[in-house]
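Structure first, then comments.
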């Protein structure tokens, strides 16, 4: 995706494993998009906790 020119609707999305909000592909995640599970550090820290 080196020629990206601003059409964010065309970027892939997937839901966060904790909160379920859609995450849009980011250049930061280009090398490991398949392994990205959480939308934020907050969701990552809550991943091991049981929901009440």
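Between residue 24 and residue 10, full extension at 0.36 nm per residue minus the direct alpha carbon distance yields a gain of 4.1 nm. Taking 0.36 nm per residue of separation and subtracting the current Cα-Cα distance, fully stretching the chain between residue 34 and residue 17 would add 4.9 nm.
The ranking of 14, 28 from fewest to most other beta carbons within 10 Å of each one's beta carbon is 28, 14.
A short reminder: the numbers here are calculations on the coordinates, not readings from a lab. Note that the coordinates shown come from a computational prediction; the quantities given were computed from them, not determined experimentally. Cβ sites come from the backbone with ideal geometry, for glycine too, and all protein chains shown count toward neighbours.
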